[in-house]
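A.B. asks: Here it is: the structure, laid out below.
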Amino acid sequence: MATESVAAPERAEGTGLRRDVGFVGLFMASEGSIIGSGWLFEALGAAILVGSAAIISWVLAGIAVIILALVHAELGAMYPVAGGTARFPHYAYGSVAGISFGFFSWLQAATVAPIEVLAVEGYASYWWPALIHASGPNKGLITPLGYGVAVVLMAIFTVINFLGVRWLAHTNSGITWWKIAIPTFAIIVLFTQFHGSNFTAAGGFMPEGMKGVFAAISSGGIVFAYLGFEQADQLAGEARNPQRNIPRAIIGAVLLGVVIYCLLEIVFIGALPGSQLLHGFAKIPDQNIVNGPFAGLAGIVGLGWLAFLLRVDAVISPGGTGLIYTTSTSRVSYGLARNRYYPQIFARTDRRGVPWFGLIFAFIVGLVAFLPFPSWYKLVGLVTAASVLMYAGAPLAMGAFRRQVPDANRPYRMPGADVLAPIAFIIANLIIYWTGWDTLWKLGVVIVGGYVLIGIAMTFDKERPKLEWGSAVWLPFYLIGMGVISWLGGFGGGTGHLGLWWDILAVALFSLLIYYGAMATRLPSEKMQELVSRQALPEAQTATSS
């Protein structure tokens, strides 16, 4: 029987990474990323869009994310490599698909830490108003002082990461215990203020219909709140016994996150005083609720001590998420360098096994991210789209692996994969579509810029991989096609030519066409196994003994 060694984990052969993270560290990395700034803002954000039917949005998004998480659980246990989400499509489809989905993964990770910093400042402005513009054309945006504080917070994330992954895992685990306890405590306390009549007030249960339910899932930030479960995959190259621990960490973190978020929405709606709903959820008069939903709610129902506790948590909770995403960004860039898409300096590690250049670069990118999107809600839409593009690569990779290596060892095997893998791809694309045209065209510009920069970097690498265009022939049709459907649809600035339900049908049929086209053009089994043996297997050694 294999047991985890009590000896100090050794560096994984062929890498500078250390196997220092056990199950608790992996679980807390995923859970700590799920419970970030989302729980502090999204109950109100979703209710504004769709009223009390926001509960339906949370449940539907939870089911969707659970399906996506099951895909990642199989992939992470099968190939436990650093920056896994950036590397699975590379194994399945070669360099062209690997470059694309790897960049999507890195873009998402690199911009989450700044989002969490902005969430910290949004709540901290209650005590320190000079952080945020209170009025004028820049209302809600960070001030020059706020930008300076953001720089300091990003620097703190970076310094903690430089102390090594074991120290980071212990720090993050401690923060995450707090992050789980506080919303759970808030649910219990606020339930004592419950008013069932709130669910039919302000225009009825579903004033915006199903379109509002779908819009809340993406543009309302609900999916963004659930994101982060893949962090166990990103740290797989530093995990002890990854085949066992990664699936448990991912699935457990998602299930707990779904339960917490759904209960938070229920108690938020139920605890609102009726006086706040006279003109609907979109016009709540108390600005304390608008600026800090749960803390403001606790204050107006006479629970000042809870309001204070929640405002303290509002700094700690998103700060912890920003910390782990700083880690994730450096591991994804490490994985991309191992694939030889990024310069090899990103794959260098210091004596603690830390990809030091990737950390520094993530810090710089985080500071730039504050400039064009200097508020929390403006960043959410872009990152949600980038995130789901990243998640779309996972079911494509899993479907290909099931055909390329059907008899390979799968410590966790997703049930019903032949059906659920294409469904997971449809789900990812629906969320992309719901994000809206205004966000997607901007994301498209960023993607084109990323291709240019990666192309320039690869021209200087004499060992750069051959571009496998044939196995990714479906990719440009996929990206352009999603853009066209978004433009024709009715979300986020679309033309509205595709009505509700017809647009969902169009996304589903288009997704199936791309999915099975990708299956038909996947890399040959021999080529895929060559890529895996060259890059994945040295990292997959674990610190175990018989």
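A.B. asks: If the requirement is being in a helix (DSSP H, G or I), open to solvent by 10 Å² or more (accessible area, probe 1.4 Å) and modelled with pLDDT of 85 or more, which of these qualifies: 24, 59?
C.D. replies: Of the residues listed, the single one that is in a helix (DSSP H, G or I), open to solvent by 10 Å² or more (accessible area, probe 1.4 Å) and modelled with pLDDT of 85 or more is 59.
A.B. asks: Moving on. From the list 462, 466, pick out the single residue that is closer than 30 Å to residue 73 by Cα, out of contact with any Leu (no Cβ under 9 Å at 6 or more places or on another chain) and open to solvent by 20 Å² or more (accessible area, probe 1.4 Å).
C.D. replies: Testing whether each residue is closer than 30 Å to residue 73 by Cα, out of contact with any Leu (no Cβ under 9 Å at 6 or more places or on another chain) and open to solvent by 20 Å² or more (accessible area, probe 1.4 Å) leaves just 466.
A.B. asks: Residue check, residue 254 against (1) over 21 Å from residue 46 (Cβ atoms); (2) open to solvent by less than 30 Å² (accessible area, probe 1.4 Å); (3) within 24 Å of the chain's Cα centre (by Cα), all met but one. Which one?
C.D. replies: Going through the list (1) over 21 Å from residue 46 (Cβ atoms); (2) open to solvent by less than 30 Å² (accessible area, probe 1.4 Å); (3) within 24 Å of the chain's Cα centre (by Cα), residue 254 breaks only (1).
A.B. asks: Quick check: anything in the range 467-478 in a helix (DSSP H, G or I) and out of contact with any helix residue (DSSP H, G or I) (no Cβ under 8 Å at 6 or more places or on another chain)? I'd like the intermediate steps shown before the answer.
C.D. replies: Residues of the range 467-478 in a helix (DSSP H, G or I): 470-472, 474-478.
With out of contact with any helix residue (DSSP H, G or I) (no Cβ under 8 Å at 6 or more places or on another chain) added as a condition, the list becomes 470, 476.
Within the range 467-478, one or more residues are in a helix (DSSP H, G or I) and out of contact with any helix residue (DSSP H, G or I) (no Cβ under 8 Å at 6 or more places or on another chain).
A.B. asks: Can I ask one more? Limited to the range 128-151, what total is found for residues that are free of Cβ contacts under 8 Å to residues at least 60 places away in the same chain and hydrophobic (A, V, I, L, M, F, W, C)?
C.D. replies: Qualifying residue count for the region: 7.
A.B. asks: Could you say whether any residue in the range 463-472 is without any contact (Cβ under 8 Å) to a residue 40 or more places away in the chain and not β-branched (Val, Ile, Thr)? So that I can check it myself, show each step before the final result.
C.D. replies: The initial filter retains those residues of the range 463-472 that are without any contact (Cβ under 8 Å) to a residue 40 or more places away in the chain, namely none.
No, there is no match, as no residue in the range 463-472 is without any contact (Cβ under 8 Å) to a residue 40 or more places away in the chain and not β-branched (Val, Ile, Thr).
A.B. asks: List, please: which pairs have Cβ atoms under 6 Å, are six or more places apart or on different chains, and start with a residue in the range 388-410 that is in contact (Cβ under 8 Å) with a residue 60 or more places away in the chain and farther than 17 Å from residue 61 by Cβ and end with one that is part of a helix (DSSP H, G or I) and open to solvent by 10 Å² or more (accessible area, probe 1.4 Å)?
C.D. replies: 404/525; 410/78
A.B. asks: When residue 124 is evaluated against the numbered criteria (1) in contact with a Phe, Trp or Tyr (Cβ under 8 Å, 6 or more places away or on another chain); (2) over 18 Å from residue 249 (Cβ atoms), which criterion, by number, is the only one it fails?
C.D. replies: So the condition that residue 124 fails would be (1).
A.B. asks: Within the range 123-139, which residues are buried (at least 18 other Cβ atoms within 10 Å of the Cβ) and in contact with a Pro (Cβ under 9 Å, 6 or more places away or on another chain)?
C.D. replies: Matches in the range 123-139: 123 only.
A.B. asks: Check residue 93 against each of (1) surrounded by fewer than 24 Cβ atoms within 10 Å (Cβ to Cβ); (2) touching a Lys or Arg at 6+ places or on another chain (Cβ under 9 Å) and name the one condition it does not meet.
C.D. replies: (1)
A.B. asks: Among the residues of the range 263-299, count how many are under 12 Å from residue 190 (Cβ atoms), among the β-branched types (Val, Ile, Thr) and open to solvent by 30 Å² or more (accessible area, probe 1.4 Å).
C.D. replies: Residues that pass the stated criteria total 1.
A.B. asks: Which condition number does residue 339 fail, the rest of (1) open to solvent by less than 10 Å² (accessible area, probe 1.4 Å); (2) closer than 27 Å to residue 217 by Cβ being met?
C.D. replies: So the condition that residue 339 fails would be (2).
A.B. asks: While we're on this one: Might you check whether a residue that is in a loop (DSSP other than H, G, I, E, B), more than 30 Å from residue 357 (Cβ to Cβ) and modelled with pLDDT of 85 or more occurs anywhere in the range 280-302?
C.D. replies: Yes, the range 280-302 contains a residue that is in a loop (DSSP other than H, G, I, E, B), more than 30 Å from residue 357 (Cβ to Cβ) and modelled with pLDDT of 85 or more.
A.B. asks: Out of 260, 316, 324, I need the residue that is closer than 15 Å to residue 32 by Cβ and surrounded by fewer than 17 Cβ atoms within 10 Å (Cβ to Cβ). Which one?
C.D. replies: Details: 260 fails: surrounded by fewer than 17 Cβ atoms within 10 Å (Cβ to Cβ); 324 fails: surrounded by fewer than 17 Cβ atoms within 10 Å (Cβ to Cβ).
Of the residues listed, the single one that is closer than 15 Å to residue 32 by Cβ and surrounded by fewer than 17 Cβ atoms within 10 Å (Cβ to Cβ) is 316.
A.B. asks: Find the residue count for the range 389-412, including only residues that are of a type in the set (A, V, I, L, M, F, W, C) and in a loop (DSSP other than H, G, I, E, B).
C.D. replies: Selection size over the range 389-412: 2.
The values are calculated or read from the model by the stated rules, or taken from the named source; none is laboratory data. Remember, it's a predicted structure, so these values are computed and weren't measured experimentally. When we count neighbours, we look across all protein chains shown, and the Cβ atoms used for this are built from the backbone with ideal geometry, even at glycine. The accessibility values were calculated without ligands, DNA or RNA, using every heavy atom of the protein model including side chains. Shrake-Rupley method; radii C 1.70, N 1.55, O 1.52, S 1.80 Å.
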